[in-house]
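> After the structure tokens below, expect a handful of questions from me.
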Amino acid sequence: MTKFWELFKSSVVLQFSLAVIVTLTVCALYLQGRAVPLELIGAWMLILGFVFGQKVQQSINQNRAK
């Protein structure tokens, strides 16, 4: 549980939670046959890019520290 709070403090949990929520929303709209607004798709791509960019940057920083 301590690891969870460390990740929460560094906002990793929040980032991935937001990414999953938006991804599920886009998928649900698509599967229901409803139009997915371009704004939502843009926000989805922005969030995914930010989340995975942060993950890559954290990996780079950890490797430099070694």
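> Starting with the fewest neighbours, write out Thr25, Thr2 ranked by other beta-carbon atoms found within 10 Å of each beta-carbon.
Thr2, Thr25
> List the DSSP H helices in the chain whose Cα atoms stretch 24 Å or more along the helix axis and whose mean Kyte-Doolittle hydropathy is at least 0.0.
Those that clear 24 Å and a mean of 0.0 are 12-31, 38-65.
> With charges only on Cβ, +1 for K and R and -1 for D and E, what is the dipole size of the chain about its Cα centre, in debye, rounded to 20?
For this selection, approximately 280 debye.
Values in this text are rule-based calculations from the coordinates and carry no lab data. Computed from a prediction, not measured in an experiment: that's the story for all the values here. Note that we place each Cβ from the backbone using ideal geometry, even for glycine, and neighbour counts take in every protein chain shown.
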